[in-house]
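The values are calculated or read from the model by the stated rules, or taken from the named source; none is laboratory data. Worth saying up front: this structure is predicted, and the values here are computed from it rather than measured. Cβ sites come from the backbone with ideal geometry, for glycine too, and all protein chains shown count toward neighbours. These accessible areas exclude ligands, DNA and RNA; they are computed on the full protein's heavy atoms, side chains included. Shrake-Rupley method; radii C 1.70, N 1.55, O 1.52, S 1.80 Å.
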Amino acid sequence: MDNIIFIGFTGTGKSTVGKALAQALGRRHVDLDEAIVEADGRTIPDIFRDEGEPFFRQLESDVLARLLQQNGLVISTGGGAVLSMENVKRMMESGLVVNVRAAEEEIVRRLSGHSDRPLLVGDVQGRVQKLLKERAGRYDFAPLQIETTGRDVSSIVEEIIEKMTEMADSRKD
């Protein structure tokens, strides 16, 4: 069984939808940020504060590479995992990559009041706008593109399962 790997900007629903899909499919869900914390022993904000973003990105790539060597997982990555072309290559070789998207206003609404995201400290709306602009097109490589704005998790999971079935059926033809 191939892995299912969720990518997308911060706050688009990768972890929430990933957990729900894993439960629906009877698979194990792994949140990449949680795996990084487990591997390093520090929180993400602490790693950013103590070591900086380049160190975090390398750690993220190392932990992701280890996870992708397994099969049958549902993995929710961090929003910046796609910044490394090596990560993109590994994800594409290791399973189905699903990009979950949301409107900017929805992302800001979901992230307001969260202090655990180092790149969004301060003006959440301004930081989201800046990062969305910087990362434009970085998530487009995913074969499956799913909109989450204004939708409940169960309808998103149903859509993903339906599209996965269609993709599997088209491979048989």
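Add +1 for every Lys or Arg and -1 for every Asp or Glu among the other residues with Cβ under 10 Å from the Cβ of Glu159, and state the total.
Numbers: positive: Arg151, Lys163; negative: Glu147, Glu158, Glu162.
Computed value for this residue: -1.
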Leaving out ligands and nucleic acids, note down the accessible area per residue over the chain with a 1.4 angstrom probe, in whole Å². 51
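Give me the net charge of Gln70's neighbourhood, meaning all other residues with Cβ under 12 Å from the Cβ of Gln70; Lys, Arg count +1, Asp, Glu -1.
Details: positive: Arg27, Arg28, Arg66; negative: Asp2.
With Lys, Arg at +1 and Asp, Glu at -1, the net is +2.
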What number, in percent, do you get for the relative contact order of the stretch 1-127 if the mean sequence gap of Cα pairs under 8 Å and at least 6 apart is divided by its residue count? 43
Expected output is a single nm value to one decimal: the length gained when fully extending between Asp62 and Arg42, i.e. 0.36 nm times separation in residues minus the C-alpha distance. What is it? 5.6 nm
Which whole-number percentage describes the relative contact order of the stretch 61-173, with Cα contacts under 8 Å and a sequence gap of 6 or more? 29
Peptides 65-71, 165-171, 19-25: what's the order by average Cβ count within 10 Å, highest mean first? 19-25, 65-71, 165-171
Got a number for the accessible area of Val128? Probe 1.4 Å, square angstrom, nearest 10. 0
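Which FRET efficiency value, to the nearest 0.05, is calculated for Asp50 and Asp169 with the Förster distance at 41 angstrom and r the Cβ-Cβ distance?
Working: r = 49 Å, r/R0 = 1.19.
FRET efficiency, Asp50 to Asp169: 0.25.
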Proximal lysine pairs, the chain, alpha carbons under 26 Å, eight or more residues apart or interchain: 11
Provide Glu159, Glu51 ordered by accessible surface of protein heavy atoms (probe 1.4 Å), highest first. Glu51, Glu159
